[in-house]
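Some notes on the structure that comes next.
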Amino acid sequence: MKLVSRSEWGAAAPTGSFTRISSTTGVKVHYEGSAVPAGLLGDHGRCAGHVRDIQRAHINDPNEDWIDIAYSFMVCPHGYVFEGRGLGRRNGANGNPTLNGAHYAVCAMLGTSGITSPTDAMLDGLVDAIEYCRAQGGAGGEVRGHRDGYATKCPGDELYSWVQRGAPRPGGGGGTPAPEPSGDSAGVYTVQPGDTLSAIAGRFETSVAQLAAFNGIANPDLIQVGQQLQIPAPPFPGREHFVLGAHSPYARQLQSWLEAGDWGPPYRVGPSEDMEQLDLEKVAALQEHYVGDLGPADGLTGPLTWLYAYQTAHGLRAR
Ligand SMILES: [Zn+2]
Ligand SMILES: [Zn+2]
C-alpha cells in the first residue's frame, strides 16, 4: 500500500479532539461529489495539495462542526492512500455519529465533473485502504456505499456499482496488479553493419543495460552483424495518463510514436505533454488499422494500444 501519512501531506492540526473507536462493522466508500480537477490525473504532485484543500474546506464548513477532514482516508487517481482521520478515530463523513462510528469512511478523489470515473490504480488504492482498516483498525468485513443507510448520491453510480460487486481489485484476484507488462519482447531487430549496442538502445528508447540483460549479452562490445536482438517492450504507465486532459511525459512519449507512425491527422506544432482531442484521434486511427486486435477505435490507450504505437513507430510491426 502506498500510504501517505498526515505529516507527509502536510495536514493541519485538528481543531478538537477525536472520538476514539476500537472497531467498526466495516468501511463505507465515498466520492467527493463536487468538481475534482482533471489536472490531478497526470500530476500526482498535486494530490497532497488537493487533500489539504479538502481538509481546509471541512474545518471551515459553516454547516458542520468538523474538527478535521471528515474522511478516514482519501485515495488519489494514482492509488495513493492519504491518511485522513486515520485508524482508531471516528470519522465525520457517514451522516451522523452513529453511522460514523459504525464504518470507516474511505473517499475516492472522484466527483461530478473533472475526474468522474475511477482509475484502476484508484480502485486498487481503495481496496488497500479497506484491507488496512481491517488488518490494523478493527474493521469488520462489510463494504458499503455512503448512500447505504443515508440519503445521498455518494459515492456516485459507477463507484457504487463497484461496491455492490464486492469492491474487487481491477485486475481480479488478490495482490497488487502491476500496470507494467515489461519482460515481454516488442519485436526482433537484426544487427546491421556499424551498429553498436548503445546506438540500438537509443533507437529503441531503452538502455544498454536493459537491452543486454534482456538478451543475455555479457559483453556489450561483442555483438555481431546479423545477430537477432529481442527488443524489450516499454512498460505501460497506466490508462490515466492518456485520457483527454491528462498531462504527463508519457503523453509526449505516446504522441511522438503516433507521429513517427504517421497515424491520423498531422500535428501543427508537435507532441506535447497534454492529451488533446487530436491525440485521441491519432490513437483511434491506429486502433482502426488494427481493429481486430485493438478495437473498438475509441481513442483510449490501454497496454496493447501503447505497445502497437511503439512497435509501428519503430518498425517492429507490419502495417
Ligand atoms: Zn459520502
Ligand atoms: Zn495522486
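The values are calculated or read from the model by the stated rules, or taken from the named source; none is laboratory data. Quantities reported herein were computed from a predicted structural model and do not represent experimental measurements. Glycine gets a Cβ as well: all are built from the backbone with ideal geometry, and neighbour counts include every protein chain shown.
Data for the structure
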{"read-out": "Residue selected from the range 20-71 under the condition more than 30 Å from residue 164 (Cβ to Cβ) and hydrophobic (A, V, I, L, M, F, W, C), by the criterion farthest from ligand 1 (Cβ to nearest atom)", "value": "48"}
{"read-out": "Cβ pairs under 7 Å, 6+ apart, first in the range 122-136 and assigned by TED's automatic domain parsing to the domain that holds residue 72, second assigned to a helix (DSSP H, G or I)", "value": "123/162"}
{"read-out": "Helices (runs of 4 or more DSSP H) lying entirely in the range 230-319 (those with 3 or more residues that are of a type in the set (Phe, Trp, Tyr) and closer than 24 Å to residue 207 by Cβ)", "value": "303-313"}
{"read-out": "Unique residue being more than 13 Å from ligand 1 (Cβ to nearest atom), of a type in the set (S, T, N, Q), within 30 Å of residue 239 (Cα to Cα) and in the same structural domain as residue 41 (by TED's automatic domain parsing) when the list is 98, 119, 112, 152", "value": "119"}
{"read-out": "Hits in the range 193-222 - residues which are at pLDDT 90 or above, part of a loop (DSSP other than H, G, I, E, B) and touching a Leu at 6+ places or on another chain (Cβ under 8 Å)", "value": "204"}
{"read-out": "Selection count where residues are away from ligand 2 (no atom under 15 Å from the Cβ) and at negative phi, scope the range 112-148", "value": "23"}
{"read-out": "Members of the range 1-41 that are acidic (Asp, Glu) and either surrounded by 16 or more Cβ atoms within 10 Å (Cβ to Cβ) or outside the structural domain of residue 131 (by TED's automatic domain parsing) (or both)", "value": "32"}
{"read-out": "Criterion (small (Gly, Ala, Ser) and more than 14 Å from ligand 1 (Cβ to nearest atom)) met by exactly one of 86, 92", "value": "86"}
{"read-out": "Matching residues, the range 90-118, being of a type in the set (S, T, N, Q) and in contact with a His (Cβ under 7 Å, 6 or more places away or on another chain)", "value": "94"}
{"read-out": "Subset of the range 101-119 [within 18 Å of residue 143 (Cβ to Cβ), out of contact with any Lys or Arg (no Cβ under 6 Å at 6 or more places or on another chain) and in contact (Cβ under 8 Å) with a residue 60 or more places away in the chain]", "value": "102, 104, 106, 107, 108, 110"}
{"read-out": "Pick from the range 157-177, criterion modelled with pLDDT of 75 or more and either acidic (Asp, Glu) or within 13 Å of residue 122 (Cα to Cα) (or both), ranking: nearest to the chain's Cα centre (by Cα)", "value": "170"}
{"read-out": "Only listed residue being in contact (Cβ under 8 Å) with a residue 24 or more places away in the chain and surrounded by 22 or more Cβ atoms within 10 Å (Cβ to Cβ), chosen from 226, 245, 238", "value": "238"}
{"read-out": "Residues within the range 85-100 that are closer than 14 Å to residue 29 by Cα and in contact (Cβ under 8 Å) with a residue 24 or more places away in the chain, tallied", "value": "5"}
{"read-out": "Residues located in the range 137-166, provided they are of a type in the set (Lys, Arg) and either free of Cβ contacts under 8 Å to residues at least 12 places away in the same chain or within 22 Å of residue 39 (Cβ to Cβ) (or both)", "value": "165"}
{"read-out": "Among the residues listed as 142, 83, the single one being acidic (Asp, Glu) and modelled with pLDDT under 95", "value": "142"}
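Matching residues to (1) modelled with pLDDT of 90 or more; (2) hydroxyl-bearing (Ser, Thr, Tyr); (3) touching a helix residue (DSSP H, G or I) at 6+ places or on another chain (Cβ under 6 Å); (4) farther than 16 Å from residue 251 by Cα:
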{"position": "273", "(1), (2), (3), (4)": "yes, no, yes, no"}
{"position": "281", "(1), (2), (3), (4)": "yes, no, no, no"}
{"position": "297", "(1), (2), (3), (4)": "yes, no, yes, yes"}
{"position": "300", "(1), (2), (3), (4)": "yes, no, no, no"}
{"position": "315", "(1), (2), (3), (4)": "yes, no, no, yes"}
{"position": "319", "(1), (2), (3), (4)": "no, no, no, yes"}
